[in-house]
1. Please find, among A:Leu272, A:Leu293, A:Leu267, the residue that is surrounded by fewer than 20 Cβ atoms within 10 Å (Cβ to Cβ) and in a helix (DSSP H, G or I).
2. Would you mind stating whether A:Ala248 is modelled with pLDDT of 85 or more, surrounded by fewer than 18 Cβ atoms within 10 Å (Cβ to Cβ) and farther than 15 Å from A:Leu88 by Cα?
3. Show me the strands (runs of 3 or more DSSP E) entirely contained within region B:10-87 in which 3 or more residues are more than 13 Å from chain A (Cβ to nearest Cβ).
4. For residues in region B:142-176 being assigned to a helix (DSSP H, G or I) and within 12 Å of chain A (Cβ to nearest Cβ), which is nearest to B:Ile117 (Cα to Cα)?
5. Can you tell me which residues in region B:99-152 are surrounded by 20 or more Cβ atoms within 10 Å (Cβ to Cβ), in contact with a Lys or Arg (Cβ under 6 Å, 6 or more places away or on another chain) and not hydroxyl-bearing (Ser, Thr, Tyr)?
6. If the requirement is being touching a residue at least 24 places away in the same chain (Cβ under 8 Å) and either surrounded by fewer than 21 Cβ atoms within 10 Å (Cβ to Cβ) or out of contact with any Phe, Trp or Tyr (no Cβ under 8 Å at 6 or more places or on another chain) (or both), which of these qualifies: A:Glu503, A:Glu424, A:Glu486?
7. Could you list, in sequence order, the residues of region A:82-116 that are within 14 Å of chain B (Cβ to nearest Cβ) and of a type in the set (A, V, I, L, M)?
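The values are calculated or read from the model by the stated rules, or taken from the named source; none is laboratory data. All values derive from a computational prediction rather than experimental measurement. FYI the Cβ positions are ideal-geometry reconstructions off the backbone, even for glycines, and counts take in every protein chain you see.
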Amino acid sequence: MRERFARWDVLFVQLLRRDWKKILFWVLGVGLFSTGFVPAFEEIGKGQGFRALYETMQNPAMIAIVGPTPVDRAEDYTLGAMYAHEMLLFCGLLAMILSALHVIGHTRREEDLGLMELVRSFPVGRQAASLAVMAETVLINAILALAIGGMLAGYGEPSLSAEGSLLFGASIGMGGVLGAAVALLMAQVMPASSAATGASLGIIGALFLVRAGTDMTHESLSMLNPLGWTYLTYPFTENHGVPLAFAAIFSFLAVAAAFALEGRRDLGAGFLPEKPGRVAAGRSLLSVHGLFLRLNRGVILAWMIAFFAIGASYGSIYGDMQTFLESNEILRQMFTAAGVSIEASFTGVILLVTTSLVAILPVALVNRLFTEEVRLRLSQVFATKVTRTRLYWTNVILAVLAGAAGTAVSAGGLGAAAAAAMGEGAPLDIGDFFAAAFNFFPAVLFFAGLAALALGWSPRLGRAVYLYLAYSFAINYFDGVANFPEWFSGTAVQSWIPRMPAEPFDGAVFAAVTAIGAALMVLGYAGYRRRDMAEGG
Amino acid sequence: MSEIVIVRGLQKSFGRVKALQDVTFSVGEGEVVGFIGPNGAGKSTTIRILLGILRRDAGEARIFGRDVWKDSLEIHRRISYVPGDVALWGNLTGGEIIDLFINLHGGGDRRKRDFLIRRFELDPGKKAKSYSKGNRQKVALIAALSVESDLYILDEPTSGLDPLMEAVFQDEVRKLKEAGKSVLLSSHILSEVERLADRVVIIRQGRVVETGTLEELRHLTRTTIRLAVEGDVRGLAAVRGVHDFRAERNQATFSADREHIHHILSEALKLGIRNIEAVPPALEDLFMRHYES
């Protein structure tokens, strides 16, 4: 038994040496993100802020996005309760995704790249590498948990108790461990590392959707959901430790299963079989755009399904919104007074979420061109009559079209489900949804443009665009709650765009942001033409 | 002489593709065995099975008398491996990677490592991502040769090296042989195999089609003879044992079956031999013959 994992400690130390910079960014990034919004929330808390917010948060739409809270009365909605309510699910999700990607990157992906073969020829246990990676990831998440707990408690806020802070940190850390465990299991089953990544993210996404449903209706069912265990600890309020225990047991079982499978597996293969392919290329493949479409087919399809599913699940809430509004006098006054239906104002928030998600796809597609370059797959293409111009613009236009398609699909899902839920006499029709969603399209173009700029001038920064996307998303997301000063929220592109259908369409802003996005792409092109291609980089 | 590597009736399938049908061969102590065959024949698959990276479907595979899958850890303590395609961690330097590999093996000779780095002319301070294919190969070679092993498994170890480094490599393998180590060398560079190998194993379509010393294998092929005679050389074309006869004025080139050499030469003597050249069959001819058959 010990033979399986022999010398894992050497590999573990090696991993830490190789990854220390990444670990630093990870812990600091997620840590600061998870704890940095406290002052902003304190601002809202002044006066009756928390109570008003409590009412808003009872809206099923908000519960679907953010999760539930155990607090029953508005008076008990302290800063701690609110912070946990707003932040925990999201941060846990972030930790989960990062851990999953990290684990697959160091196991299956390295296998696929041939790095593992040589390591396996040494007197190193067959599964030493997997154990080393899991240990590293658990360690990182433990450090993260402590860092978050410490930082939160360090604020000295009365409602941010030490116990609660630690539980908050531990919940996020445990989310990371869960993500790692699921990823390790998928790495054994799927035929390639990209499939393993897709499957892990898909599972996490599915868990999110299921949890959105159960949180709104049967909260107890959320306890069966692994993702639920990250936020049902209710720090600062009820402080349950039990969900963490569930998470730990589940993770342990998943990892044990993964190890059992790995012990029987050939290096480089998964348990799901590969299907044989075509002997000759079909006509659709025989062109630059055909090639790119084919390369990205899986990714695009997967995201489209995700966009539709997310749109539809948010759309199904619209029916509940009316009932919710009718049950609450205060809110009814708030919203009818403003002359805007509750559905309209929430559409803006939901579309912010979906737009940021949709933007991921074009960024990924643009970045893909660089990945292909680094992997030397484009070497031969560079020597043909296919110009750089053609490569660049085909890819960028594909990204833009994918972004547009994604916007349409998510709006379609949202609108169709909402229309079905609201029934007769709905304040919004499907056209409104499409219009509102496409109103945000320039933001998608902006991010695609940023990625294109990076591709042309400093392609390794392509990944940083995701960071900026996440940052912008967070700013907008919390702006509604925290009311940031203009200049601060202005750092996120989406805030420049008015939130339809509640606010009127602003043609000038639409054109301006579109123009900026296009300009970024052209600038990127200029750089792409000039720079050295990463051969053997 | 004990058998260091024993492979019997090895079988391996990937899905529906049968990569190895029946592979049987052995490597003795202090022997250098050349493992050759066309692309896709199953060489790397066999080697991966020996390393416990792939799990065989049937058959026996033992190194040092132990099962390659179950006792892989024990076995790996005493072997060195150089893969066909060397992938390295881009952000570590060559020197760091060599030291890591030596460490993972369980320790090696520091002076030998330094000596080899100089001999192979490798710059150990550069990051691995900036190495050319040949340099990556050198990293793996140096790491493998710096440790004390009893069996060296080399899978196309010199495919990216220049002729100078190829010569260095061959010299180092010769030293291993003199020290009594065993080597399994898989290579497409037949001159390399010819120079280094004691025995050759030829694999094709997942089956071992020929094994034996070069001497033994040469018996199976024909000697190439170039003759210049006084008389009409074309008369020799019909002689038994003469194949692929080509004549140019009075000079003829043909392949001769070993068992008929005496008869052929007697016939040639009648014509009056002016000049004669006999070239032993090259491994390449041997190889090609197995391709065609």
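1. Within the list A:Leu272, A:Leu293, A:Leu267, the selection yields A:Leu293.
2. For A:Ala248, the condition - modelled with pLDDT of 85 or more, surrounded by fewer than 18 Cβ atoms within 10 Å (Cβ to Cβ) and farther than 15 Å from A:Leu88 by Cα - is met.
3. Correct list: B:17-28, B:32-36, B:58-63.
4. Here the answer is B:Ala143.
5. Within region B:99-152, B:Phe120, B:Leu122 qualify.
6. One residue alone meets the criteria, A:Glu503.
7. A:Leu113, A:Leu115, A:Met116, listed by residue number.
A quick yes/no check of all residues on (1) in a helix (DSSP H, G or I); (2) buried (at least 20 other Cβ atoms within 10 Å of the Cβ); (3) within 25 Å of the chain's Cα centre (by Cα):
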{"site": "A:Leu11", "(1), (2), (3)": "yes, yes, no"}
{"site": "A:Lys21", "(1), (2), (3)": "yes, no, yes"}
{"site": "A:Leu28", "(1), (2), (3)": "yes, no, yes"}
{"site": "A:Phe33", "(1), (2), (3)": "yes, no, yes"}
{"site": "A:Phe41", "(1), (2), (3)": "yes, yes, yes"}
